[in-house]
Structure formats: structure tokens, C-alpha cells
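**Student:** Quick one: this structure, given as C-alpha cells, is what I'll be asking you about.
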Amino acid sequence: MTLKKTLLSLLFVGASATVASAQVEIGLKLSPSLSYLRTDSPSATNFQSDGSKLRLGGGVIVDYFFGENYAFSTGLLLTGKGGAISYRDDALGTQQKREYSIQYLELPLTMKLYTNDVAPNTKLYFQVGGSANVAISAKINDRKFYDDPGTSAGESKALKYVIFPDASLLGAFGVEYQVGQSTKLLAGISYHRGLVNIDRYYDNTRKYNGVTIKNNEVALDLGIKF
């Protein structure tokens, strides 16, 4: 019985020490970004990226430190993605252009690695991982309802043109500056490379085989942690 009590005491002390050494930092982030769409298709339909758009995103960030210089970083963000594409419409016999504006709820799942101080109260950070995203609203050519001129189906919600789930690889680097006992300012640049074909219209409705459309985004990350 004494041995069991001793082992339980050691486990309790170890768990308490782990919790005590961990540190959670919560903050807010604002991310103006440049987003565009990567496309791929057979030459007959000739889907191409045809322009980028300025977006604005932001939300809550959470860094859970497991050591002085590394942390698991997550949060909940509202992000804007999309861009312009052009393609050959076989029904109209002309090149068509569409601009997508899609809003996502984003859940980052990343690791943050910090350097030691490169200047007083200043550290560099490198962030790698991914994000899970869910589309919550969309516009095509600045309209929430869109009528494809290549069909006679009539208007439908722009959100029906894209699938809801998306996932991205994320890479970032930046700088954090401590301005108080627990307050830090951060600034960085991040790249988000979409992994999922977000199209569910051209393949299912227009029967254009082999079309893929994926999100891409480069963002300026500005934030404060408390």
C-alpha cells in the first residue's frame, strides 16, 4: 500500500509540474491578405487563374507553450479567400471569367518555433503546420446568387458552387516584441496553400472532367497577445 501511495504521489507531482511549466498565451490577430486560385484542367476548357483579390481576416489565436521556445499554435479565425478564374465555355463558345469571394472559418493546427532574443525583448518565430477550413458564405462576381450564362438553370446560391470543407498547408515567419509583463506584439508573413479541390459545380453540373480549383493566400499577420 505504501508503494502505491508513493507512485501515485510521484505521478501527481509530475503532472503538476508539467501543467505548471506550460504557458498559454491568448491574443487577437488581423491579417490583410492577397488571395488567388490555382487551377488545372484539360486544354479544351482551359481553366486559368485570372487575378488576385485583397482580403481581410482575423480572430483569436492561442499559443500553448511546452517549452521556452516552442508552442502549439491554434485559434479560430474568419478569413476571406478566392480570386478570379477564366475558362472556355463550350455552350457559349467564348472565354468566361468569374470572381470568387469566399469566407471561411479557419482552425489552424501548427507548431511555432522561437529563437532566443535577437534584440532586447525581441524574438523571431517560425510557424509550420496546416489549417482546417469551413466555407460559410460566398459571392460570385460580387453576387450571393449567380446565374451561369452557360446554362438555363436560373439563379442559385454562390455557396453551392464550392464544397464546404477546405484544408491548407501553412508556413509563416515573423517577430514578437514584448512590451509588458504579459503583453506581446507580433508581425509576420504567412503562406497558405490550399490542398482541396473546392469546385463542385463544373464537374457535377457542367460535366467538365478534370477541373480543379484550389485556394492560395499570402497574408500579413499583425497581432497582440495578452
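The values are calculated or read from the model by the stated rules, or taken from the named source; none is laboratory data. All figures in this text were calculated on a predicted structure; none of them were measured in a lab. A quick note on method: Cβ atoms are made from the backbone with ideal geometry, for glycine too, and the neighbour counts reach across all protein chains shown.
**Student:** Among the residues of region 184-196, write down those that are crowded, with 19+ Cβ neighbours inside 10 Å and either in a loop (DSSP other than H, G, I, E, B) or among the polar types (S, T, N, Q) (or both).
**Tutor:** S190
**Student:** Kindly establish whether F164 is within 18 Å of the chain's Cα centre (by Cα) and at pLDDT below 95.
**Tutor:** So F164 passes the test.
For (1) part of a helix (DSSP H, G or I); (2) modelled with pLDDT of 90 or more; (3) surrounded by fewer than 10 Cβ atoms within 10 Å (Cβ to Cβ), each residue gets a yes or a no:
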| site | (1), (2), (3) |
| --- | --- |
| S16 | yes, no, no |
| A20 | yes, no, yes |
| L28 | no, yes, no |
| F65 | no, yes, no |
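**Student:** I would also like to ask the following. Out of (1) in contact (Cβ under 8 Å) with a residue 60 or more places away in the chain; (2) farther than 18 Å from I189 by Cβ, the odd one out for N69 is which?
**Tutor:** Just one mismatch for N69, condition (1).
**Student:** Could you say whether any residue in region 105-114 is of a type outside the set (A, V, I, L, M) and either touching a Lys or Arg at 6+ places or on another chain (Cβ under 6 Å) or farther than 22 Å from N215 by Cα (or both)?
**Tutor:** For region 105-114, residues of a type outside the set (A, V, I, L, M) and either touching a Lys or Arg at 6+ places or on another chain (Cβ under 6 Å) or farther than 22 Å from N215 by Cα (or both): present.
**Student:** Any residue at all in region 199-211 that's under 30 Å from E68 (Cα atoms), surrounded by 20 or more Cβ atoms within 10 Å (Cβ to Cβ) and in contact with a Ser or Thr (Cβ under 6 Å, 6 or more places away or on another chain)?
**Tutor:** Checked region 199-211: no residue is under 30 Å from E68 (Cα atoms), surrounded by 20 or more Cβ atoms within 10 Å (Cβ to Cβ) and in contact with a Ser or Thr (Cβ under 6 Å, 6 or more places away or on another chain).
**Student:** Would you confirm whether or not region 214-224 contains a residue that is small (G, A, S), surrounded by 19 or more Cβ atoms within 10 Å (Cβ to Cβ) and either at pLDDT 95 or above or on the phi > 0 side of the Ramachandran plot (or both)?
**Tutor:** yes
**Student:** Would you mention how many residues in region 147-183 are assigned to a strand (DSSP E or B) and surrounded by 19 or more Cβ atoms within 10 Å (Cβ to Cβ)?
**Tutor:** The qualifying residues number 7.
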